[in-house]
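Report on one structure; see the data block that follows.
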C-alpha cells in the first residue's frame with residue numbers, strides 16, 4: 001500500500017481544512033460515471049469549478065469551534081462567490097457536522113467513535129443552525145428545491161436543523177443522513193473505501209457501493225424513481241468488479257457509461273456528495289495510508 005504523511009495534529013482548523021481539500025480534490029480526480037471529473041466535464045460544469053468552490057469553502061467549513069450552521073452558510077457563500085453556481089451545497093451540508101465531530105477528543109479512534117461524536121453534534125443542532133443553513137440553501141438554489149408544507153427554506157424556521165432535515169428525509173438522501181448519523185457514509189461507503197489499496201480505487205469503490213445500494217435522490221428529483229432504479233442496476237456489475245479488485249478505468253465501457261449518463265443529463269450528484277464525506281472520514285480514521 002502506498003504510504004503518505006499523516007494529518008497535522010496540532011491545529012484542528014488546519015487539519016480539517018487539509019482533509020476537506022483532499023477529499024474534494026479526490027472527488028474530481030477519479031472518474032465516477034455521471035459525475036464531473038478531470039477526465040470528463042458534464043452538466044455544464046467542469047472540475048476546475050469544483051476545485052475553486054472547495055478552495056473557497058475550506059476556510060469557513062473548517063473553522064474550529066464554529067457552529068455547524070455558521071460553517072454551512074460561510075462555506076456556501078464563499079463557494080458561490082468563487083463560482084457563481086451551486087457546485088458543493090450537498091458536500092458542505094454533509095461535511096460541516098462531520099468536521100465538527102472530528103474536532104471532538106477521541107473521535108478519530110475508530111469509525112464507531114467518529115459516528116458517536118457525529119451523533120452528539122447532530123443532537124446539538126439548534127434553530128440558529130437551521131436559519132443559517134436555510135440562507136445557504138436559498139443562495140445555492142439547488143435543482144428541484146421546490147416548496148415544503150412545513151419548515152420551508154424560504155420561511156423562518158422554528159426547529160433545530162436535525163428536526164428540519166427529518167421533514168425532508170423521505171425525499172432527500174442528504175437530509176436523511178442528518179437523521180441517521182450519516183449511515184450511508186459509515187455503513188456503505190466507508191467500509192468499501194478503507195479496504196481498497198489506494199485512494200483512487202477506494203473512491204470508485206465507495207461510489208459504486210452507494211450508487212448500486214440505493215436510489216440517488218438527485219436523480220429521483222430530476223428524472224423519477226424508475227430512472228434512479230435503472231442506474232442502480234447499471235451500477236451493480238461495476239460494483240461487483242470493483243469488489244474483485246478490477247481496475248475499472250482500463251475498460252473503455254466504464255468511460256462509455258460515464259458519457260452515456262451525461263448525454264442523458266443523469267447526474268448521481270447525491271452519491272458524489274456522499275463520497276466526499278466518505279473520503280473526509282477516511283482521512284481522519286486512516287491518515288497514514290490515505291492522506292496525500
Inset, instruction - Using a 10 angstrom cutoff on alpha carbons, build the Gaussian network for the chain and name the most mobile of 62, 230, 107. - result: 230
Inset, instruction - Only Cα pairs under 8 Å and at least 6 apart count here; give the relative contact order of the stretch 169-292 as a rounded whole percent. - result: 31 percent
Legend entry - Ranked by how many other beta carbons lie within 10 Å on average, peptides 250-258, 177-185 from highest: 177-185, 250-258
Inset, instruction - With an 8 Å cut-off on Cα pairs and a minimum separation of 6 or more residues, tell me the relative contact order of the stretch 15-111 in percent. - result: 23 percent
Legend entry - Taking the stretch 12-290 and dividing mean pair separation by its residue count, relative contact order in percent (alpha carbons under 8 Å, at least six apart): 23 percent
Legend entry - Stretchable slack from residue 198 to residue 126, in nm (0.36 nm times residue separation minus alpha-carbon distance): 22.1 nm
Inset, instruction - Go ahead and run the numbers for FRET between residue 260 and residue 48, Cβ-Cβ distance against an R0 of 30 Å, rounding to 0.05. - result: 0.80
Inset, instruction - Answer rounded, prolate or oblate for the stretch 29-69, using the Cα gyration tensor with square roots of eigenvalues a ≥ b ≥ c: rounded when a/c is under 1.5, else prolate when a/b is larger than b/c, else oblate. - result: prolate
Inset, instruction - First check a/c for the stretch 75-234, with a ≥ b ≥ c the square roots of the eigenvalues of its C-alpha gyration tensor; if it is under 1.5, answer rounded, and if not, answer prolate when a/b is larger than b/c or oblate otherwise. - result: oblate
Legend entry - Cα-projected label distance for residue 171 with residue 243, points at 7 Å along beta-carbon direction, nm: 3.4 nm
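Since every read-out is calculated from the coordinates, none of them should be taken as a lab result. Nothing here was measured: the structure is a model prediction, and the numbers come from that model. Positions of Cβ are backbone-derived with ideal geometry, glycine not excepted, and every protein chain shown enters the neighbour counts.
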